[in-house]
Amino acid sequence: MAHSVALLDQTHDVKSFDCGTEKLNTWLQTIAGQHQSKGLSKTFVLVDDEAPTIIVGFYALAIRRMTPKETLPAELARKLPSNIPGYTLARLAIATSSAGQGFGADLLVDAMRRAKQVSNQVGGAFLFVDAKDETAADFYSHFGFVPLPDDPLTLVMPMSAIEYD
Ligand SMILES: CC(C)(COP(=O)(O)OP(=O)(O)OC[C@H]1O[C@@H](n2cnc3c(N)ncnc32)[C@H](O)[C@@H]1OP(=O)(O)O)[C@@H](O)C(=O)NCCC(=O)NCCS
């Protein structure tokens, strides 16, 4: 079965999405569209091409406020100015009915590629993720994200380490 990633729009059935985490379901159902139309974040959904209204998973990307250099892992902060521009992968979730099939990895790679493409055009040195708990943080660590020393549920990857484009 072929799958595609699309910008969230009104054809997508947000109401039936269930990733097992109420807060993430509610965010997709009630906030994602509003934030998108206000330019606060963009949400991308993974759909099966044969049932393109059903959301298999989603993620949201946004510009991050400037990050003070001293909050970064020391090895990533060398030779950088005091405040660093970057992006936030704010949320990523897969429907429980589709978990464990590689879709989370597919969406994470898609988000990293998209952030890299934007940074190739306008700069932005890091992609940050805000993990909701330790299990989520472990998922991102599995893909090479590094926790901030004083805030281990925030993880970071340098754009220079993202090889997709
Ligand atoms: C976390 C989540 C996105 C993973 O999605 P998934 O589609 O089940 O994961 P995948 O099948 O793509 O797994 C890809 C890889 O990550 C690993 N992985 C999955 N969850 C993991 C976890 N919590 N910790 C460490 N590794 C994990 C898998 O073992 C797999 O490894 P491999 O490629 O070496 O075989 C999904 O479980 C989910 O939506 N959870 C609820 C919401 C959530 O926690 N979101 C996270 C951020 S807020």
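Of Arg91, Arg78, Arg65, Arg114, which residue is more than 16 Å from the ligand (Cβ to nearest atom) and closer than 17 Å to Leu155 by Cα? Before the answer, list the steps.
Working: Arg91 fails: more than 16 Å from the ligand (Cβ to nearest atom); Arg78 fails: closer than 17 Å to Leu155 by Cα; Arg114 fails: closer than 17 Å to Leu155 by Cα.
Of Arg91, Arg78, Arg65, Arg114, the one residue that is more than 16 Å from the ligand (Cβ to nearest atom) and closer than 17 Å to Leu155 by Cα is Arg65.
How about region 21-41: which of its residues are assigned to a loop (DSSP other than H, G, I, E, B) and either aliphatic (A, V, I, L, M) or surrounded by 12 or more Cβ atoms within 10 Å (Cβ to Cβ) (or both)?
Going residue by residue through region 21-41, those that are assigned to a loop (DSSP other than H, G, I, E, B) are 21, 38-41.
Of everything in region 21-41, those that are assigned to a loop (DSSP other than H, G, I, E, B) and either aliphatic (A, V, I, L, M) or surrounded by 12 or more Cβ atoms within 10 Å (Cβ to Cβ) (or both) turn out to be Thr21, Leu40, Ser41.
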Worksheet item: Filter region 148-161 for residues that are buried (at least 18 other Cβ atoms within 10 Å of the Cβ) and either touching a Ser or Thr at 6+ places or on another chain (Cβ under 9 Å) or charged (D, E, K, R) (or both); which is farthest from Asp133 (Cα to Cα)?
Response: Met159
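Can you name the residue in region 1-20 that is free of Cβ contacts under 8 Å to residues at least 40 places away in the same chain and either within 15 Å of the ligand (Cβ to nearest atom) or in a helix (DSSP H, G or I) (or both) and is also surrounded by the most Cβ atoms within 10 Å (Cβ to Cβ) among such residues? Walk me through it before giving the result.
Within region 1-20, the subset free of Cβ contacts under 8 Å to residues at least 40 places away in the same chain is 7, 9-10, 15-16.
Narrowing further to those that are either within 15 Å of the ligand (Cβ to nearest atom) or in a helix (DSSP H, G or I) (or both): 15-16.
Details: Lys15: 10, Ser16: 12.
Here the answer is Ser16.
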Item to complete: Report, ordered by the first and then the second residue, all pairs with beta carbons closer than 7 Å, sequence separation of six or more or different chains, a first member in region 136-150 that is over 20 Å from Ala125 (Cα atoms), and a second member that is aliphatic (A, V, I, L, M) and surrounded by fewer than 16 Cβ atoms within 10 Å (Cβ to Cβ).
Response: Ala137/Leu153
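Pull up region 42-91, narrow it to residues that are among the small types (Gly, Ala, Ser) and either more than 22 Å from Asp13 (Cα to Cα) or surrounded by 14 or more Cβ atoms within 10 Å (Cβ to Cβ) (or both), then point me to the one that is modelled with the lowest pLDDT. Show your work before the answer.
Filtering region 42-91 for residues among the small types (Gly, Ala, Ser) gives 51, 57, 60, 62, 74, 77, 82, 86, 90.
Okay, now just the ones that are also either more than 22 Å from Asp13 (Cα to Cα) or surrounded by 14 or more Cβ atoms within 10 Å (Cβ to Cβ) (or both), so 57, 60, 62, 74, 77, 82, 86, 90.
Working: Gly57: 98, Ala60: 98, Ala62: 98, Ala74: 96, Ala77: 96, Ser82: 97, Gly86: 98, Ala90: 92.
Step by step, filter region 42-91, then rank; the result is Ala90.
The values are calculated or read from the model by the stated rules, or taken from the named source; none is laboratory data. Worth saying up front: this structure is predicted, and the values here are computed from it rather than measured. Methodologically, a virtual Cβ is constructed for each residue, glycine included, from the backbone with ideal geometry; neighbour enumeration extends over all protein chains shown.
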